[in-house]
1. Sticking with the crude label model, points 7 Å out along Cα→Cβ, report the distance from D216 to D82 in nm, one decimal please.
2. What is the distance in Å between the Cα centres of the stretch 205-243 and the stretch 83-115?
3. If you average the C-alpha positions of the stretch 15-61 and of the stretch 124-148 separately, how far apart do those two centres end up, in angstrom?
4. Kindly provide the GluC sites (Glu not before Pro) of the stretch 1-107 that DSSP labels as loop, not H, G, I, E or B, and whose Cβ sees at most 13 other Cβ atoms within 10 Å.
5. Of D194, D174, D216, which is the most mobile in a GNM of the chain whose springs link Cα atoms less than 10 angstrom apart?
6. About the Cα centre of the stretch 171-313, how large is the charge dipole given +1 on each Lys and Arg Cβ and -1 on each Asp and Glu Cβ? Please answer in debye to the nearest 20.
7. Taking the structure as given and computing volume of the Cα convex hull per residue in Å³, which label from (1) 138; (2) 151; (3) 118 fits?
8. Cα axis of helix 263-277 to longest principal axis of the chain: angle in degrees, 0 to 90, nearest 10?
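Computed from the coordinates by the stated procedures, all read-outs in this text should not be read as laboratory data. Everything quoted here is computed from the prediction, not taken from an experiment. All Cβ positions, even for glycine, are placed from backbone atoms using ideal geometry, and neighbour counts span all protein chains on display.
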Amino acid sequence: MSDLLFRPLDADEFDLFHRYGPLPASGVGARSLPFDKLDYRSGWVWVALRGDEVVARAGFWGPPGSEHPFSLDWFDPGFGPDRVEVGAALLRAAYAELVTPGYATPSGARPDYHLFLPADWRERPDALADASDRIAAAERAGLRQSVERLNLRWSPEYGLPPRPGRLTFAPVDDDETVLDLLARVKEGSLDDWDRRHLAEQGARATAEQTVTEIADMPGGRDRWRLARDASGELVGVVMPTRNSRCATIGYLGVDPAHRGRGYADDLAIEALHIFSAEGEPEVNDNTDVGNRPMAASFARIGYRITGRRLILA
């Protein structure tokens, strides 16, 4: 290990990152966009060098304007027999420099690691091996498996489901109504993020954090809708928006008093109609593997699984 140099790259050195070679043929770590479209910045891309050879690499990402990286979303630990320890050492060096005393992002006290995976990665020996190397290196660097998510996509070519017509939708013009509703929605949520923050800070603060984070996304809040049933009773909320790359449903939730009637479908379908009217070419979303009702809802309205994402924090 003493023959290794770990260092960040300036933007004019990013060619070094590509000397590592291609991504695994298994599809582990594959991204939907090429490297130069993923907005990596100087100092947030790291390599491990043995002489002139790049033997491991890591790319940290944050949205435009962020002071700190939010996540590690590109990591290759190498090919040699010491690849796991080399990868771990690279991550330890990068985290030590990037996580400064003033570090703070919505993900927590340090960037979490998003490992992009094929949908069937556990069933394929090549994908399982490639994933296991990355997981083992990240764990040696101090990260722990947090949650696995399904990555999902809807495109107009899949067919726009008709509005069920059970609910009426109106723009959100009252934050207090949304916050009260979300505080109820968070209780009993199957979403890992909701559960962790609920345990740490309670329902109201978690609702406030959700509203703030989604309102701060590039898509703004003009598409947010409150849903009411035929009697005028508030059923739920859906928050269609855009992140830095695509359309996405920032959040949707059904009031616990109205769960069990399939209203999550109605909320998501309303978002798809809003996006379709704006000519969005696709909508990308995700849900925890453990949130089976939400995964089933996405499947019913025509979303397709594009892969999985394992998050280590």
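1. With each label point 7 Å from Cα toward Cβ, the separation is 4.1 nm.
2. One Cα centre to the other: 32 Å.
3. First find each Cα centre; the distance between them is then 17 Å.
4. E67
5. Fluctuation is largest for D174.
6. 620 debye
7. Calculated volume of the Cα convex hull per residue in Å³: the matching label is (1).
8. Its long axis makes an angle of about 80 degrees.
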